[in-house]
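This report refers to the structure that appears directly beneath it.
The values are calculated or read from the model by the stated rules, or taken from the named source; none is laboratory data. Nothing here was measured: the structure is a model prediction, and the numbers come from that model. A quick note on method: Cβ atoms are made from the backbone with ideal geometry, for glycine too, and the neighbour counts reach across all protein chains shown. We work out accessible area using only protein heavy atoms, side chains counted, and drop any ligands, DNA or RNA first. Shrake-Rupley method; radii C 1.70, N 1.55, O 1.52, S 1.80 Å.
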Amino acid sequence: MEGNPASPTQIVKAHMLKEDSGYMRDYILNDKGDFEPAVNPLNRYSTVRKGLSMQRLGPAYGFAKEMTRKTKRPLGLVVNARGGSSINSWLKGSKDGYYEEALSRVRIAMEQGGVLKAILWHQGEADCSNPEAYKQKLISLVKDLREDLNMPDLPVVVGQISQWNWTKREAGTVPFNQMIKKVSSFIPHSDWVSSKGLGWYKDEKDPHFNTEAQLLLGKRYAEKVWKFYKHK
């Protein structure tokens, strides 16, 4: 599958293993607006990231590896994330301007001849106390992206936050994650990725995923994106 799955996602703190530190078969949009061979950390060229030393392993790596395995073709990635950010900072017109930055990067990639295939969205720890409010903001975000890109049917895949963090659980579940499971009912041409079975980075009070979890999470994203296109 050719194209540029954009990933305005939240990068988390998993360590990179030695085997994950070399060049991939895929490509990433760099700071000069060109595609170059991808290497971790994939958020290195984000225009809204924190310090480079804070960029580690996120789901985009496992996603790219699995998509390339399925398609037998290299993938172009646009990764423009900021860890710990709120969805409020990603809404169109926000004073932080994250939406405009991500949109600009996607457009640059498309000018390079890429065909945008999907948006991956993994974020929510900062906003999970009010799932209904988040739902409305997510609807608005996706609507704006599709309109500004003139791609009304652009697939969007969103992921659940950690299952274990006790501060977010009610009656044995995480309400935010239950909302994410229903995303296709309120956003057409969308799907969700489960965080079931994924492990924590430090301990069960840490919302971040560990290395193995990040790789599996990325694979799950690839499986969902693949479903949108395997019959085309």
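Below are the figures for this structure:
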{"item": "Phi-based couplings in Hz for region 118-131 (Karplus 6.51, -1.76, 1.60; Gly and Pro marked x)", "result": "6, 10, 9, 10, 10, 6, x, 4, 6, 10, 6, 6, 9, x"}
{"item": "Cα centroid separation, region 175-199 to region 86-164 (Å)", "result": "15 Å"}
{"item": "Heavy-atom surface of region 61-113, accessible at 1.4 Å and reported per residue (Å²)", "result": "44 Å²"}
{"item": "Distant-in-sequence amide H partners of L77 (H built 1.01 Å from N, under 5 Å)", "result": "Y27, I28, L29"}
{"item": "Per-residue SASA entry for K196, accessible area with 1.4 Å probe, Å² rounded to 10", "result": "150 Å²"}
{"item": "Estimated vicinal HN-Hα couplings, Hz - region 148-159 in sequence order (Karplus 6.51, -1.76, 1.60; Gly, Pro = x)", "result": "5, 8, 6, 9, x, 10, 4, x, 10, 10, 10, x"}
{"item": "S129 paired with D148, simple spin-label distance in nm, labels 7 Å along Cα-to-beta-carbon", "result": "2.8 nm"}
{"item": "Set K182/K219; K65/K181; K70/K230; K65/K224; K95/K181 screened for pairs whose C-alpha atoms are more than 18 Å apart", "result": "K182/K219; K65/K181; K95/K181"}
